[in-house]
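Each remark here refers to the structure printed beneath this line.
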Amino acid sequence: MIDKKELEEVKKLLKGKGYKYTSAREKILKKILSLHSHFTAEELFYMLKKRYKVSRATVYRTLNILVDLGVVREYDFGKGKKLFEHIIGHKHHYHLICLGCGKIEEFKLDDEHERRLRAIANKLEFNVDSIVLSIYGFCKDCRGKSSKAKS
Ligand SMILES: [Zn+2]
Ligand SMILES: [Zn+2]
Ligand SMILES: [Zn+2]
């Protein structure tokens, strides 16, 4: 399911920046807005390819434009592949990344915590644009496995 408001907002952004709103772009955009999990550019391309005639180059180019416009965020969680998700229309969230199974969980900070992070940056005379926070460790399942292995 896609949020019509998100779609309209991105359409406006694209047109405002002088990008053409082609039917290929619309298909890519709708697919991205329908995904509420992290995906790689290749995964996106194959999902689209199943139903439409789109080229890999168009998918990658559109994805990069959406990252530039702040519609999509790109993450490098250190697995040698970039992951994407759309952030437009959603409250900011952060990630927990399991070093065992690679699972990614999301969490939110309350406003007070975010304010504190911004205050720390401001104290260092730093103007905050965005905050990306990733916590690495082992999830419950992986922790269980490693403690069993040790005993
Ligand atoms: Zn959404
Ligand atoms: Zn795990
Ligand atoms: Zn996320």
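The values are calculated or read from the model by the stated rules, or taken from the named source; none is laboratory data. Model, not experiment: these values are computed from the prediction. Using ideal geometry, Cβ is built from the backbone for each residue, glycine included, and neighbour counts are taken over all protein chains shown.
Of note:
- In segment 1-37, the residues that are within 13 Å of ligand 1 (Cβ to nearest atom) and not in a helix (DSSP H, G or I): Met1, Ile2, Asp3, Leu35, His36, Ser37
- Selected residue (criterion: nearest to Phe45 (Cα to Cα)) from residues of segment 95-107 that are near ligand 3 (Cβ under 8 Å from one of its atoms) and surrounded by 14 or more Cβ atoms within 10 Å (Cβ to Cβ): Ile104
The rows are residues; the columns are (1) in a loop (DSSP other than H, G, I, E, B); (2) assigned by TED's automatic domain parsing to the domain that holds Ile2; (3) more than 19 Å from His36 (Cα to Cα).
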residue: Leu48; (1), (2), (3): no, yes, no
residue: Ala57; (1), (2), (3): no, yes, yes
residue: Leu66; (1), (2), (3): no, yes, no
residue: Gly102; (1), (2), (3): yes, no, no
residue: Arg118; (1), (2), (3): no, no, yes
residue: Ala121; (1), (2), (3): no, no, yes
residue: Val128; (1), (2), (3): yes, no, yes
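- Filter result (closer than 28 Å to Lys5 by Cα and in a loop (DSSP other than H, G, I, E, B)) within segment 68-100: Leu69, Gly70, Val71, Ile87, Ile88, Gly89, His90, Lys91, His92, His93
- Residues (of a type in the set (D, E, K, R) and either within 16 Å of ligand 2 (Cβ to nearest atom) or touching a residue at least 24 places away in the same chain (Cβ under 8 Å) (or both)) located in segment 1-16: Asp3, Lys5, Glu6, Glu9
- The residues listed here are Ile28, Ile2, Ile32, Ile88; of these, the one that is crowded, with 19+ Cβ neighbours inside 10 Å and at pLDDT below 95 is Ile88.
- Only one of the numbered conditions (1) outside the structural domain of Tyr136 (by TED's automatic domain parsing); (2) within 16 Å of ligand 2 (Cβ to nearest atom); (3) surrounded by 12 or more Cβ atoms within 10 Å (Cβ to Cβ) is violated by Glu42, and that is (2).
- Of all residue pairs spaced 6 or more apart or on separate chains, those with beta-carbon atoms under 7 Å, a first member in segment 24-36 that is in the same structural domain as Glu85 (by TED's automatic domain parsing) and in contact (Cβ under 8 Å) with a residue 12 or more places away in the chain and a second member that is of a type in the set (Asp, Glu) and in a helix (DSSP H, G or I) are Leu33/Glu6.
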